[in-house]
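Have a look at the structure below, then the notes.
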Amino acid sequence: AITDELVPVTDLEKVFNDNPQEPTFGGMLVRDTDYEVSYAVKAGSTGSLTFGGIPVDAGTYVVTVTGNGAYSGSFTKEFVINKAAQRVVPVGLIANTKCTSSKITGLAAGEYQIRYAENENYLAGADVTVTIEISHNCGALIEETPATCIADGMKAHYYCSDCRKYFD
């Protein structure tokens, strides 16, 4: 019968790294000849498998080693991929565009504490202080248009394409 003495399974705890990961299989037996390995996401846990059935996301998995050929039976081990620490902090926020990736809108000028939220593969990031300074993207001076009997006029002005306001 196949046992964890014939196929020692070690390195049963890893940290998420964007790649599929497996524990280490040792011993003298040959994988896919003398034994096969399969994985399942442990009930109640997060995690997912690649199309090839290898663990990829943070979570807890059940590893089953099943004998082939002259070897019968099976045994299971628990394999964990822990959440990774955030590798980067949010930078380059711009206060005049919609909130997509590294941009956010509607913030008044000032200092803000920001961080990445925890998700299925990463822990929450460290707080970072970001200073928002509102600047204006005003183009060339728009010359005065005098009023006439049939049309309104307008003083000379600048138009900010970021905040969509007019300035004298």
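The values are calculated or read from the model by the stated rules, or taken from the named source; none is laboratory data. Only a predicted model underlies this, so the values are computations on that prediction, with no experimental measurement involved. Here Cβ is always computed from backbone atoms with ideal geometry, including for glycine, and neighbour counts include all displayed protein chains. These accessible areas exclude ligands, DNA and RNA; they are computed on the full protein's heavy atoms, side chains included. Shrake-Rupley method; radii C 1.70, N 1.55, O 1.52, S 1.80 Å.
Scanning region 104-149 for residues that are within 17 Å of Val88 (Cβ to Cβ) and not in a strand (DSSP E or B) yields a count of 11.
Going through region 11-35 one residue at a time, which ones are under 33 Å from the mean Cα position of the chain (by Cα), of a type in the set (A, V, I, L, M, F, W, C) and surrounded by 15 or more Cβ atoms within 10 Å (Cβ to Cβ)? Result: Phe16, Phe25. Is region 51-68 home to any residue that is open to solvent by 80 Å² or more (accessible area, probe 1.4 Å) and modelled with pLDDT of 80 or more? Scanning region 51-68, I find at least one residue that is open to solvent by 80 Å² or more (accessible area, probe 1.4 Å) and modelled with pLDDT of 80 or more, so the answer is yes.
Residue count for region 41-50 under the criterion of being hydrophobic (A, V, I, L, M, F, W, C) and surrounded by 14 or more Cβ atoms within 10 Å (Cβ to Cβ): the result is 2.
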